[in-house]
Amino acid sequence: MSLAGHALDIPLRDRILFGGGRIADLPAAVGAAGGRRAFIVTHPGVVRAGVAQRVRLLLEEAGIPAVDPAINNSPRLPDAAQVEAILRSVAG
């Protein structure tokens, strides 16, 4: 079964937006959650593919400053402790 052409919006404690073009909904989702700035957790493959930069630009165009994804070389699937360490490294 292919999910191409389908869209999901699963509101949980964390919100999952899925489907083609849903990346454009990210600024509104951050704003709806009360976010004023963003920290993008990613890995080098996502940076190389240009996805992290696209996310950053979308957020910044909406007035939501984002930490440069190139500085956060998190593991492919970071655990909570690794994410906390990354956040501490960029906290101001």
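None of the figures in this text is laboratory data; all of them are computed from the coordinates on show. Since this is a predicted model, take the numbers as computed values, not measurements.
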Item checked: Interchain or long-range residues, amide H under 5 Å from THR42's placed H -> SER74
Note to self: Need the full-extension length gain, ASP79 to ALA49, defined as separation in residues times 0.36 nm minus the C-alpha distance. One decimal, nm.
What the structure shows: 8.5 nm
